[in-house]
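Data first, discussion second: the structure below is written as structure tokens.
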Amino acid sequence: MASNKKRGSSKAGKAVKVAFKQDWSIGKASAEADQQLLDACFVDTGALEQLIDTDSNASIVLGRVGAGKSALLSQIESRNKRVSRIDPSLFSIKYICNSSALEFVSELGVKLDPLFQALWKHVLCVEYIRIRFNIKSEKDANNVWTQITNYFPANDVKRLAYDYFREFGGVEFWQTTEVRLKEIDQKLERQITTDLNISSDIIKAGAKGARSLTESQRVEVVNNAKTFINNIHMAALQNVVSALAEMDEGNHGAKYFIVIDDLDTEWADTEVRHRLIRALIESIRRFRPIRQLKIVVAMRVDLLESVVETTRDAGLQLEKLEDFFLRLSWTDQELKQLIDLRINHALKSKYTRAKLEFYDIFPREVRQKVTLDYILEKTLKRPRDAILFVNECFKSASGRTEMTPILVQDAYRNYSASRRLSILEEWNDVYPDLKDHLDFVSGWKSRTQFKDISIHQINKQLLKYFGKDASKDPVSASMVKLVNAKGDVSAAYEASAQLQKLLYALFAVGAVGFIFPPANHVVWAGNQFGGMSETAIDLETVVVIHPMLANALGVNVNA
């Protein structure tokens, strides 16, 4: 390892020459596996301050994979005493998915959104009561029940809240989510069988039973079920929230947090999961009357996009929720600070007691660029990318005593390949055929004008969509229609505007950016949902391959 003088540092003296090791690391890919470094090297971009401010509506943390969402939730937990974490996988999902009555009415087109909202409100009330009154035992629960029952019957609004508590468990209210689901399910089944004279065996057959109904039966069941679903104690639940808010008006200074993460994992069937997430988004704002409570949810930008797309008929209006979104972004300076902190904390104990900085270990330049700039331009400006690139550099230098520019370039090639695989995984729900879409720009120059895309390239790409008629990928669906309409793909050039959908998808995932003449700067996708329309891409638009993926896509950028 070269001296600090050569690296340009005057603080640390001369570093001891020690061979790099493959297991050297400045962090893991996930916040959960990186807790020690996360606590010691946390860099606040201002987001944490907004989240712990209970007077701020900012509640839904939006960012791409690796942008620091889970890290923020972890910091809320470590810095506050009254925090409850809800695991969506424990949200009685199996019961919902296995309910024959719910499957029966859902198959008939009855939307379950009011039910899902009621369930979230129930669960959030449960968690707030648990942390607000510090319930840890049955004795605690009995004492709290006494407080609630003494307070609520004062007027009609509070009495409705009290009635809800009493109906769903009494003193065991906070243990009854699944019990409540079962009761709703049973009531729905009884109502359909008794009022409409539909056999319980047909209902228990679920979707199959729904398809066996006559048209007149379908109409009756739908109308009956809609009325039932739309009146599942929504008013009473909101009265519970209002009563809890009024009860705590004098509780100045106290702060309580409910955090929810891992919504992007496979904790339920995709459609059910999206409906539940949409219901959660709607429910969060209903709890704002309780000013000392903050419900904080981490959500990927692409997940929000999928939820909006698949639940569009449910009336989700993002503009009304904008005040609740906190969109994560990082500056180069913040990322540089993060890398320096992690290098110092993770590595200095391995060979020196002196404070370490980036250039105590890395060369000043790579490819005539400042090394940190070289690294950061090949990221999507999120912590995970920068951490993984530096880790790849350590692997590349394993067994050597100096990090050279050539070793950093070698690391980039491995890093680029891994980032391509990561993007395919990250966006699989939205673009399941993304691998095919990425192939379209493989081997391109780093910058290509839309009008210069050849007929040969278009035809070659269209061939990839034969046999994908059943694909759920919106780009593939568009391309299949184009292929089927033309028959002969060699005649498809006049329909090249369809490529807008493909290029926009690549833009959304971060694979490409655009230059819109006469401007000469590159526009990259950030965290702004729906920030640009695909129709903005015209023949003069220049497509720019992101340096992060350039090597993996065979693009020559002299990296």
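So what is the accessible area of the range 352-469 per residue, in Å², with the probe set to 1.4 Å?
Values: 5240 Å² over 118 residues.
Per residue, the range 352-469 has an accessible area of 44 Å².
Quick one: grab the alpha carbon gyration tensor of the range 289-444, order the square roots of its eigenvalues as a ≥ b ≥ c, and give me rounded if a/c is under 1.5, else prolate or oblate depending on whether a/b is larger than b/c. Taking the square roots of the gyration eigenvalues as a ≥ b ≥ c, the range 289-444 is oblate.
Using C-alpha pairs below 8 Å separated by at least 6 residues, the relative contact order for the range 190-309 is 27 percent. Per-residue SASA remark: Lys187, around 70 Å² accessible (1.4 Å probe; ligands, DNA and RNA not included).
The values are calculated or read from the model by the stated rules, or taken from the named source; none is laboratory data. The structure presented is a predicted model; accordingly, all values stated were derived computationally and were not measured. These area figures cover heavy atoms from the full protein model, side chains too; ligands, DNA and RNA do not enter into them. Shrake-Rupley method; radii C 1.70, N 1.55, O 1.52, S 1.80 Å.
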